[in-house]
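Here's the structure, in structure tokens; my notes come after.
Just so it is clear, none of the values below were taken in a lab; they were calculated from the coordinates. Remember, predicted model here, so these are calculated numbers, not experimental data. All Cβ positions, glycine included, derive from the backbone under ideal geometry; neighbour counts span all protein chains shown.
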């Protein structure tokens with residue numbers, strides 16, 4: 001196999017690169033998985049909600065920091081990121097309220113198409129408001145590669161991984177140890193019983209959308225430093241993160257994290273070790289998708305869903 | 001002669017053992033009852049036998065052949081038909097069409113094996129005569145069950161009792177050797193239940209063996225030749241209705257032990 | 001003016017074939033397919049490559065387009081049609097993206113992102129089609145629309161079609177009735193793919209060039225919308241949906257307002273329409289078509305009394 005053409009040092013490099021990319025996927029995948037866990041619904045507009053928040057973050061940063069790079073730029077960037085997260089959360093909650101809630105009891109196709117409609121509206125709205133040309137978000141720091149032995153690490157990558165880990169830890173703690181988190185878990189296991197137990201499921205659902213969207217916006221800001229910001233930036237990232245969520249087991253939070261990281265690693269290794277041309281890089285994700293659906297649709301960490309006859 | 005029997009049949013769902021080493025037997029030409037408290041595993045047993053679920057362990061034999069683990073549609077074609085506990089009719093098809101589906105596989109299948117896919121294509125260009133056959137036969141079963149006047153109705157608009165009858169007609173249209181009825185009398189009043197008893201007897205008169213899951217004891221004791229009792233997934237008794245009624249474990253299962 | 005109108009009609013005709021065939025898959029059989037554009041693409045490229053590099057004539061290219069699309073539909077359908085609802089949608093989405101990616105990257109065959117130009121216009125019954133024969137296209141393509149409609153009609157009004165509807169309603173129970181659902185689904189899927197391939201061929205001929213950007217996920221969505229708008233499970237509805245959506249997307253050009261209305265408003269309106277229809281009239285404008293058996297019943301009763 002191609003892997004053996006690589007030296008240990010090269011493999012380590014690809015592993016690191018993969019983890020970085022995977023962290024982004026993981027953050028976005030969490031939004032999909034949390035929403036699916038509660039509503040059994042795939043929010044096709046997740047990528048566009050992320051995009052809106054990222055634009056907001058961009059404008060915040062511009063307003064706060066202006067053009068140069070100062071010692072405090074990084075802090076302003078992080079503040080803008082929080083701003084982006086809040087905006088995305090707001091957009092996500094609004095979209096849920098207007099386009100999904102009326103369809104909660106409708107057959108599967110309805111909310112799916114509605115989500116597609118939202119996705120179309122948001123991406124076109126962004127194009128209309130902000131123009132179709134991409135915007136550059138400059139690094140709020142010097143992004144010079146650091147060499148650890150033969151391992152090349154950029155500060156940007158460190159920022160991504162650290163931010164992702166911090167956010168994911170916060171999420172895990174929130175979901176596993178707080179009362180609200182428990183309510184979220186209860187609602188995702190059985191929404192009707194949760195209602196009967198006095199949980200305000202509408203609020204929990206809104207909260208889920210908010211948190212999921214916020215995490216995705218964080219990812220958007222982190223990745224915008226490199227890939228720039230444009231109205232359709234959410235589509236491909238969203239699609240791949242979605243694959244990550246399914247890969248890890250849709251509805252399972254740890255699964256989304258695992259799926260995201262693994263997808264990043266597999267993609268990076270696939271391109272490097274198997275010589276898959278850059279153009280077909282995305283095909284790795286879709287191939288994984290099809291394979292996982294064929295052999296273990298419930299994903300790596302998911303449980304098999306039984307239909308009661 | 002045993003038409004159907006299971007051997008050490010076991011079905012587990014994760015940690016839960018729904019069917020626990022059950023040896024269930026059905027004599028040909030009989031009306032056999034399967035009773036037990038709620039959650040005893042009766043429907044699960046049905047599901048495993050009819051192929052809607054795979055057993056964890058054990059075997060199912062039908063007409064002497066091993067049918068364990070076969071997909072549902074193969075088992076159906078061998079001559080086993082069933083109805084469902086929570087009435088599963090095709091909601092956007094009318095009553096007539098529902099019964100016609102039961103009749104469907106009786107059409108000719110000229111292609112065997114891997115070319116079987118072409119059978120579906122054949123069904124596309126099938127002859128007018130075959131269509132007519134389907135209409136005639138489906139109608140016949142509607143009449144047998146006595147619901148022909150509802151033929152154009154959508155199931156959702158019909159009362160439960162009639163819907164159950166549609167399910168039975170649909171199953172009968174398959175002209176099975178063995179018919180499983182899952183709580184056919186649920187939600188029926190005494191008059192309808194009498195009616196149902198009569199229908200089941202007429203079905204048996206057609207040489208169709210019937211197995212029924214029921215909670216209505218009067219119905220069970222009245223028409224069943226043999227009764228098997230399940231509790232917590234295990235068979236605790238099997239015999240004639242009279243024997244079952246006196247069986248201490250059965251009484252305990254339903255009424256609890258005397259304090 | 002007539003130029004534009006005939007273009008519109010041809011668009012409607014091509015999309016109508018796509019919508020009618022998707023209706024068979026999604027409306028009648030209940031399969032959430034988000035990759036119809038992929039079969040369309042395959043048909044288009046088979047014709048484009050065949051007629052430019054292979055020197056095929058129109059009819060052969062047309063037939064090959066349909067067959068290739070349908071074969072691919074068969075092989076894709078076989079594994080994926082075992083999946084439930086949402087998962088099937090995702091799988092088809094993934095498949096659609098893979099097809100587009102492959103087309104873009106397989107330059108040696110497909111000339112990559114630049115697409116293939118110079119697809120010759122067909123010679124039909126001795127008449128050389130081309131720019132002057134706009135009405136020729138309109139009439140010729142109308143024949144294909146009628147053909148597609150007729151085939152779908154025949155399927156729906158047959159034992160096979162009835163089984164498809166039952167599969168849509170309750171796949172588990174259908175198994176208990178002795179029907180191997182997967183087989184039927186695969187055939188329906190392949191049949192739908194066949195006509196999508198035909199539509200692709202017609203597009204390649206009309207446009208005289210093909211490019212991968214045309215055949216993206218949005219197109220699959222748009223075709224699905226045409227079906228849903230008119231009414232899932234209603235061929236007439238699919239036609240209606242096609243007409244409405246093609247008019248809508250070309251409305252700025254029609255009313256001459258292209259410079260006034262920004263390009264995005266069109267799509268935004270389309271997205272809004274989707275949401276509104278789903279919330280207020282999910283069954284579509286015409287709803288599902290129910291078949292009546294009064295005639296058959298009358299005939300049975302007649303035969304009895306004889």
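Let's test the formula: R0 of 45 Å, r as the Cβ-Cβ distance of residue A:190 and residue C:123. What FRET efficiency results, to the nearest 0.05?
It comes to 0.10.
How crowded by other chains is C:155-163, given as the mean number of beta carbons from other chains within 10 Å of each beta carbon?
6
Taking neighbour Cβ counts within 10 Å as the exposure measure, how do B:225, B:207, B:182 sort from fewest upward?
B:207, B:225, B:182
Relative to the longest principal Cα axis of chain C, at what angle does helix C:294-305 sit, 0 to 90 degrees, rounded to 10?
That works out to roughly 40 degrees.
Sticking to Cα atoms, compute the Rg of the range B:119-226 to one decimal and its Dmax as the biggest Cα-Cα distance, whole number, in Å.
For the range B:119-226, the Cα radius of gyration and maximum Cα-Cα distance read 15.6, 49 Å.
Give me the distance between the Cα centres of the range A:65-113 and the range C:182-196, rounded to whole Å.
40 Å
On average over all directions, what projected area in square nanometres does the range A:2-128 have, based on the convex hull of its Cα atoms?
Directional mean of the projected Cα hull area for the range A:2-128 stands at 11.7 nm².
For chain C, modelled as a Gaussian network with Cα springs under 10 Å, which listed residue fluctuates most, C:150, C:48, C:16?
Among C:150, C:48, C:16, the largest mean-square fluctuation in the Gaussian network model of chain C belongs to C:150.
If I fit a long axis through the Cα atoms of helix C:159-169 and take the longest principal axis of the Cα atoms of chain C, what angle between them do I get, 0 to 90°, rounded to 10?
90 degrees
Counting other beta carbons within 10 Å of each Cβ, put B:224, C:35 in order, fewest first.
By the 10 Å Cβ count, ascending, the order reads B:224, C:35.
Of all DSSP beta bridges in the protein assembly as shown, what percent run antiparallel (nearest 5)?
About 65 percent, rounded to the nearest 5.
Send over the semi-axes of the range C:41-198's equivalent ellipsoid, whole angstrom and largest first, taken as the square roots of 5 times the C-alpha gyration tensor eigenvalues.
33, 22, 11
I need the calculated FRET efficiency for the pair residue B:59 and residue A:147, taking r as the beta carbon distance and R₀ as 41 Å, to the nearest 0.05.
Here the calculated transfer efficiency is 0.05.
Distance between the C-alpha centers of the range A:197-269 and the range B:29-62? Whole Å please.
43 Å
Which residue, A:19, A:205, A:227, tops the fluctuation ranking in a GNM of chain A built on C-alpha contacts under 10 Å?
A:227
How high is the FRET efficiency between residue B:129 and residue A:180 when r is their beta carbon distance and R₀ equals 56 Å, given to the nearest 0.05?
0.25
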